[in-house]
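All remarks here apply to the structure that follows.
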Amino acid sequence: GTESEKNLIQAKALYLRGKSLSKLHNWKKSARVLEDALKRYQAIQDVQHKNPLLFVSILVGLADCYGQLNDPREKTLLETALSVQHTFNHSSRHASIYTNLCKFEPTVEKKKDLLRQALDIHISVSGRESREAAIVVGNIGVVELKGNDPMRAITSLKAALRILDGKSSDIP
């Protein structure tokens, strides 16, 4: 095969190895393997061998490791993943990028804005009743609580519980 094909195959193999290492919480080793996967992917020249889904997967996987290792490069990777993800479908992974970017935002409004975008995706992918939607609504409540808005936080957290109980006709 061509050089691009070889790079794609190696990027895929390294990604899978890196993911299995991260499942074992071997963050340092996983990060090293996923960094190699990223280099391989970025070395792909032929457009037909580019695989945006794999690219986003590598970026998000590596960002996860960096998050565990308190490596500041996490934010850049998430932002890159987001810009690539925008070129194709919405998925729950897309929503998790918004959720993970949240911790880098200083203001409550910005945090809530990112979480609302995540919520919209979860609702369109899994529905208003989904566990994923409930978790994001809960996260919004936590942000409101930290932002000294206890009344609103209570509303959000109650809404999250109602979704989990299967009684949610009213997401705020």
Checklist line | Check on Glu144, surrounded by 15 or more Cβ atoms within 10 Å (Cβ to Cβ), over 18 Å from the mean Cα position of the chain (by Cα), at pLDDT 90 or above and farther than 30 Å from Lys50 by Cα | finding: yes
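Tell me, yes or no, whether the range 126-136 has at least one residue that is more than 22 Å from Ser156 (Cα to Cα), more than 12 Å from the chain's Cα centre (by Cα) and not aromatic (Phe, Trp, Tyr).
no
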Item checked: Unique residue being touching a Pro at 6+ places or on another chain (Cβ under 9 Å) and not in a loop (DSSP other than H, G, I, E, B) when the list is Ile123, Ile135, Ile140 -> Ile140
Checklist line | All positions within the range 69-118 that are of a type in the set (Ser, Thr, Tyr) and either within 11 Å of the chain's Cα centre (by Cα) or within 20 Å of Glu35 (Cβ to Cβ) (or both) | finding: Thr76, Thr80, Ser83, Ser91, Ser92, Ser96, Tyr98, Thr99
Item checked: Where a residue in the range 1-30 is assigned by TED's automatic domain parsing to the domain that holds Ala63 and of a type in the set (Asp, Glu) and its partner, wherever it lies, is surrounded by 14 or more Cβ atoms within 10 Å (Cβ to Cβ) and in a helix (DSSP H, G or I), with Cβ under 7 Å and at least six apart -> Glu5/His49
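State whether one or more residues within the range 1-22 are more than 24 Å from Ala118 (Cβ to Cβ) and within 17 Å of the chain's Cα centre (by Cα). Reasoning before the result, please.
Within the range 1-22, the subset more than 24 Å from Ala118 (Cβ to Cβ) is 1-14, 16-18, 20-21.
Checking which are within 17 Å of the chain's Cα centre (by Cα) leaves us with 18.
Within the range 1-22 (the criterion being more than 24 Å from Ala118 (Cβ to Cβ) and within 17 Å of the chain's Cα centre (by Cα)), the answer is yes, since at least one residue qualifies.
The values are calculated or read from the model by the stated rules, or taken from the named source; none is laboratory data. Predicted model, so just to flag it, every value in this text is computed and none were measured. As a convention, Cβ positions derive from the backbone with ideal geometry for all residues, glycine included, and neighbour counts pool all protein chains shown.
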